[in-house]
1. LEU73: closer than 25 Å to ILE124 by Cα, within 18 Å of the chain's Cα centre (by Cα) and among the hydrophobic types (A, V, I, L, M, F, W, C), yes or no?
2. Can you tell me which of LEU16, LEU56 is without any contact (Cβ under 8 Å) to a residue 40 or more places away in the chain, at negative phi and either surrounded by fewer than 17 Cβ atoms within 10 Å (Cβ to Cβ) or more than 15 Å from the chain's Cα centre (by Cα) (or both)?
3. Restrict the check to the stretch 60-76 and report whether at least one residue is modelled with pLDDT under 95, surrounded by 13 or more Cβ atoms within 10 Å (Cβ to Cβ) and either basic (Lys, Arg) or more than 15 Å from LEU116 (Cα to Cα) (or both).
4. In the stretch 19-43, which residue that is in a loop (DSSP other than H, G, I, E, B) and of a type in the set (A, V, I, L, M) is surrounded by the most Cβ atoms within 10 Å (Cβ to Cβ)?
5. Out of the residues in the stretch 107-132 meeting the condition of being loosely packed, with under 14 Cβ neighbours inside 10 Å and under 15 Å from the mean Cα position of the chain (by Cα), tell me which one is nearest to THR67 (Cα to Cα).
6. Right, GLY35: under 19 Å from TYR122 (Cα atoms) and either of a type in the set (A, V, I, L, M, F, W, C) or more than 14 Å from the chain's Cα centre (by Cα) (or both) or not?
Amino acid sequence: MEDIGKLLLRVSLGVLMLPHGMAKFSNMVLDYMQGQLAKQGLPEFLAYGIYLGEVLAPLLMIVGYYTRPAATLYAATVAIVIYLAHRHELLDMQQYGGLTIEAQYLFLFGSIAVALLGAGKYSISGGKGTWD
């Protein structure tokens, strides 16, 4: 059952993040992120990391290939997004309870859990390597 839990966790996180990444291909989010990076004194080209963290990493997690590095990249991407776009909302509450950015926290801590747990046997790697 442990491997089924790993499969469910990594596939659900991957599938839920993919639409966010795919949306970056069709609108001005990349420009926004470049502006946010520039405001922080960071190079604007780092914004292209969105495609790695929100498209490539979720795909790798879904199939279970290089799962730990992919989940680490995914977590880093979410952490950067939280810092750049949501740092003023870290503990803000919604009107009827729950944190305003609870989805971002679930993405962050879920991906950290996948990085720690690995892919499991229901993956391309079969859970046999250190990179699963």
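1. yes
2. Checking each option against the conditions leaves just LEU56.
3. Scanning the stretch 60-76 turns up no residue that is modelled with pLDDT under 95, surrounded by 13 or more Cβ atoms within 10 Å (Cβ to Cβ) and either basic (Lys, Arg) or more than 15 Å from LEU116 (Cα to Cα) (or both).
4. Among residues in the stretch 19-43 that are in a loop (DSSP other than H, G, I, E, B) and of a type in the set (A, V, I, L, M), the one surrounded by the most Cβ atoms within 10 Å (Cβ to Cβ) is LEU42.
5. Among them, the one singled out is LEU116.
6. no
The values are calculated or read from the model by the stated rules, or taken from the named source; none is laboratory data. If you're wondering where the values come from, they're calculated on a predicted model, not measured in any experiment. Note that each Cβ is placed from the backbone with ideal geometry, even for glycine, and that neighbours are counted across all protein chains shown.
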